[in-house]
Amino acid sequence: VPVEKQLPLWPASRPGVLVSLAIDEPPIPYIAKDQPLNIINQSINGAAIRRGLPLSWPLDSDVDSGKVRASDVKAGFVQQVTKASKDYSVHSILIGHVKRLSNDLWQGQWQLIRDGKTASWNSPKADLDSVMSVGIDAVADALADEFSILSGDEQEQGLLLVKVENITDLNGYAA
């Protein structure tokens, strides 16, 4: 259907995104870790799965040692977070600060770091899933613009399609 409608295709091999997410709720702000049963992780991972975006999380040891700190993320200290993220093999870093305003009301601030550039946006006050979706959707849109494969008339704007034929085995592929 995407080809018929001349929509860009988002290939299965997608760039990884490291998430540095500060959660601001009582008693103190903290950095979200890779905890599948946590409601925060379920929400952001659900949004990422919906958009086909692979996420990576800081190692527990980096969070526990203070290499990645909630105060740096909350304050938007991009250099500190980028420095702490050097050991990860990812294309981009998503920095998020999500604050619980009441039982069901959250608000988010987001920054995407890629290729030395930073983009920033906010999530309006909403439920947790909506706030996380705003964060993830902006990242997925930005990366899709960079990595998607164009179809239809868009291909004529400088893309080259290569058709490979008569490869019947691994030896033919390697040749």
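Figures for the structure shown
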item: Nitroxide proxy distance, nm - points 7 Å out along Cα→Cβ at Ala142 and Ile28; result: 3.0
item: Label point distance in nm, Glu165-Gln42, each placed 7 Å from Cα along Cα→Cβ; result: 5.3
item: In Hz, Karplus ³J(HN,Hα) per residue of segment 53-70 (6.51, -1.76, 1.60; θ = phi - 60°; x = Gly, Pro); result: 10, x, 10, 10, 10, x, 5, 3, 5, 5, 6, 5, 7, x, 4, 10, 10, 4
item: Solvent-accessible area of Val134 with every protein chain in place, 1.4 Å probe, in Å² to the nearest 10; result: 50
item: Shape box of segment 55-140 [Cα atoms, principal axes, largest first, Å]; result: 35, 27, 21
item: Cα-projected label distance for Asp60 with Lys117, points at 7 Å along beta-carbon direction, nm; result: 3.8
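The values are calculated or read from the model by the stated rules, or taken from the named source; none is laboratory data. Everything quoted here is computed from the prediction, not taken from an experiment. Please note: Cβ atoms are built from the backbone with ideal geometry, for glycine as well, and neighbour counts cover all protein chains shown. Only protein heavy atoms, including side chains, enter the accessible area calculation; ligands, DNA and RNA are left aside. Shrake-Rupley method; radii C 1.70, N 1.55, O 1.52, S 1.80 Å.
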